[in-house]
């Protein structure tokens, strides 16, 4: 499926979730590039936005993503790695991984600081919408699920525009409701699916995230 831009994608998702308008759900942005989709969604269904961002960890010379650091500093191994692979990586590259974790957490804190303060406790009792735009792997979702383990949410939704088939299955297993616009077995880079550039700069997105209720329809 193709979209005018990411805001359009978010509004299309919102059209599938009109029953949530009035309960003020929280749209969980899984990555910064999905913020404009989250803005389109949240403005359509009168939702708030929570940037649950993360930083991936890689080892020089190895093309695989090892895992990612979440907002609370916890490390989540990539769901694409088998246990035998994880054990081997920990044995051979433990110090490299630990150094990468510290660096990633420092960078993530600097990034999240640009959004102001978001309280994890504010998610309790809410309907939460894990939201991506074009989702090609499960890493950010796995981080979000780890982060939300201690949250007493009402319901958890998994949302996406164009979603790789393994991701769609992951959503189906780990959320109460999953809504995706297109499930795909082969995917191009994300920008391939959008006709034009974003409506907002990253800086404007950060302001909209904290003031989204002004744009509720």
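A short reminder: the numbers here are calculations on the coordinates, not readings from a lab. Being a predicted model, the structure only gives us computed values, none of them experimental.
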Mind pulling the angle between the C-alpha long axis of helix 35-45 and the longest principal axis of the chain? Nearest 10 degrees, somewhere in 0 to 90.
40 degrees
Compute the helix-to-body angle for 6-15: its Cα long axis versus the longest principal axis of the chain, expressed 0 to 90° and rounded to tens.
60 degrees
So the angle from the long Cα axis of helix 165-174 to the longest Cα principal axis of the chain, reported in degrees to the nearest 10, equals 80 degrees
Fraction of beta bridges assigned by DSSP in the chain that are antiparallel (%, nearest 5)
25 percent
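List the relative contact order of region 85-217 as a percent without decimals, with contacts defined as Cα pairs under 8 Å and 6+ residues apart. It would help to have the intermediate numbers written out before the result.
Working: 120 pairs, mean separation 26.9, N = 133.
Relative contact order of region 85-217: 20 percent.
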Divide by every residue of the chain the summed helix terms, -39500 (n - 2.57) for each DSSP H run of at least 4, and state the resulting mean residue ellipticity at 222 nm, rounded to the nearest 500 deg cm²/dmol.
-11500 deg cm²/dmol
